[in-house]
Amino acid sequence: MLVVMKQTATPADIERVCEWIKEKGYTAQPMPGAQRTAIGLIGNDGRVDGSPLEDMPGVAEVIYVTNPYKQVSREWKQENTIVEIAPGVRFGGTEVPIIAGPCSVESESQILAAAHAVKKAGAVALRGGAFKPRSSPYSFQGMGEQGLKLLALAKRETGLPIVTEAMDEAGAELVAKYADCLQIGARNMQNYSLLKAVGKIGKPVLLKRGMAATIQDLLLSAEYILAEGNSQVILCERGLRSFDTTSRNLFDLTAIPVVQSLSHLPIVADPSHGTGRRDKVLAMSRAAVAAGADGVMIEVHPHPEKAMSDGAQSLTPVQFTDAVLQLRRIAAAIDRSIAS
Ligand code: PEP
Ligand code: MN
C-alpha cells in the first residue's frame, strides 16, 4: 500500500502516517519525490484497510498495489530507477551502457586483452565470471578468487567497472569486494537466500531472468532484493528454454517493454546467451536497443575459438567494434545514445 501525501503536507503529517503504519505492525518507508512525498507500507502481502488514513491531515490518496511484487512495481514508484554501478555508468536513463567481456576469466593475458578491446570499442563496463555455474560438474568452473583479482587488475588498467557473478550466499561477500555490480545468474534467479544476501550487501545487482521463469517470477525475485533495502537492481533478459533447438535459447524481446511497463527498474538485454550463436548476436543486439533496452551485455573474447566457456556465442573484438557502431545509430533513432 502506498500513501500519497499532499504537496502541502507537513513533516508532522508524514510522521503521523508513519506512526499509524508502525502501530499496525508494518514498516513505513517515506519516499520524498520532486512534487510530493509518498509513504510505502511494507510487510504485508494481503490487503490492509487504509481507509482511516484517507481522513488524516496531509493525505492525498491511498493506493493499493495490486501486483504481488510491490516495491518493484510502477504502481509503487512511477519514475525510472537509475542504477549507477560506477561514477557515470548509469542504467535506466536515456543513455544505454554496454557491458562486454568474456564469459569466464581464464588468464591474465585473456582478461586484459578483452578489457582493453571492449573499452576501445566503447563498452563502459567489463564482464567476466570467476565463479561459473556450469551445467556439467566436469566443465570449467571458473578461476575463483584468482579470477576476481584479475578482474581487479583489468579495472586498474582500463578504469572499467566490473560486473561478475556471485554463485552462492557463502561467496557473495567475497565477490562484492571486487565487483561494482553483482551478477545473479539465470540458474540462481530463485535462490532466495542468495537474493537476500545481495540485498543486504547493498551493491548494485544484475539479476538475470531464469531460463524458465515468467516475468512475474523475475519481478518477485527482484522484490527479495528490494525488500532487504537495496533498490539498485538491474534486470536482465537472457533468453528462455524452448522446444526449438535452432538457437540456444528463445530470446524474449517482448520482455523489455513488458518489464518497463510493470516496473521502474532498468532492464538490459543479453543477446549472447539469448541466442547462443555468434552470428545471431548482432541482430538481436540491434533489436534489443530498438526495443528500448536500458543496456546491452555482450560476450566478447579475444580468441573465441579458444574460449573455455561460451565460445560459440562470443564476438571477436572486431565484430564487437562493428556492433557498437551499429548500436549507436539504432540508439540515436529512438532518441537515446550508447553511453561512452
Ligand atoms: C553468464 O552471464 O555467463 C551466464 C552464466 O549467464 P546465465 O546465468 O544467463 O546463463
Ligand atoms: Mn556465458
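Residues LEU282, LEU315 in ascending order of nearby Cβ atoms (within 10 Å, fewest first): LEU282, LEU315. Helix 11-23 and the longest principal axis of the Cα set of the chain meet at an angle near 80°. Relative to the longest principal axis of the Cα atoms of the chain, helix 108-121 runs at roughly 70 degrees. Can you give the angle from 0 to 90° between the axis of helix 169-178 and the longest principal axis of the chain, with both taken from C-alpha atoms, to the nearest 10? On a 0 to 90 degree scale, this one is about 70. When the pairs LYS70/LYS208; LYS120/LYS155; LYS70/LYS132; LYS149/LYS196; LYS119/LYS200; LYS24/LYS70 are compared against a 21 Å limit on Cα-Cα distance, LYS70/LYS132; LYS149/LYS196; LYS119/LYS200 fall above it.
The helix-only estimate of mean residue ellipticity at 222 nm for the chain, built from DSSP H runs of length n ≥ 4 each weighted as -39500 (n - 2.57), is -11000 deg cm²/dmol after division by the residue total. One Cα centroid belongs to segment 306-335, the other to segment 96-131; the line between them spans 12 Å. Skipping prolines and chain starts, which residues have an amide H placed within reach, meaning under 5 Å, of the one on ALA60, given they are 5 or more residues away or on another chain? Result for ALA60 returns VAL4, MET5, LYS6. The chymotrypsin sites (Phe, Trp or Tyr not before Pro) of segment 23-102 that meet both conditions, a loop assignment by DSSP and at most 13 other Cβ atoms within 10 Å of the site Cβ, are TYR64. Could you please state, rounded to a whole Å, how far the C-alpha centre of segment 1-61 is from the C-alpha centre of segment 218-254? Between the Cα centre of segment 1-61 and that of segment 218-254, the gap is 31 Å. Residue separation of THR316 and GLU157 scaled by 0.36 nm, minus their Cα-Cα distance, works out to 55.2 nm of gained length. In plain terms, the chain from LEU112 to GLU84 could stretch by 7.7 nm, reckoned as 0.36 nm per residue minus the Cα-Cα distance.
Applying the criteria of a DSSP loop state and at most 15 other Cβ atoms within 10 Å to the chymotrypsin sites (Phe, Trp or Tyr not before Pro) of segment 101-166 yields TYR138, PHE140. The chymotrypsin sites (Phe, Trp or Tyr not before Pro) found in segment 210-282 that occupy coil by DSSP, while having at most 16 further C-beta atoms within 10 Å, are PHE243.
None of the figures in this text is laboratory data; all of them are computed from the coordinates on show. What you see is a predicted model; the values in this text were computed from it and never measured. Neighbour counts are summed over all protein chains in view; Cβ atoms, including those assigned to glycine, are modelled from backbone coordinates with ideal geometry.
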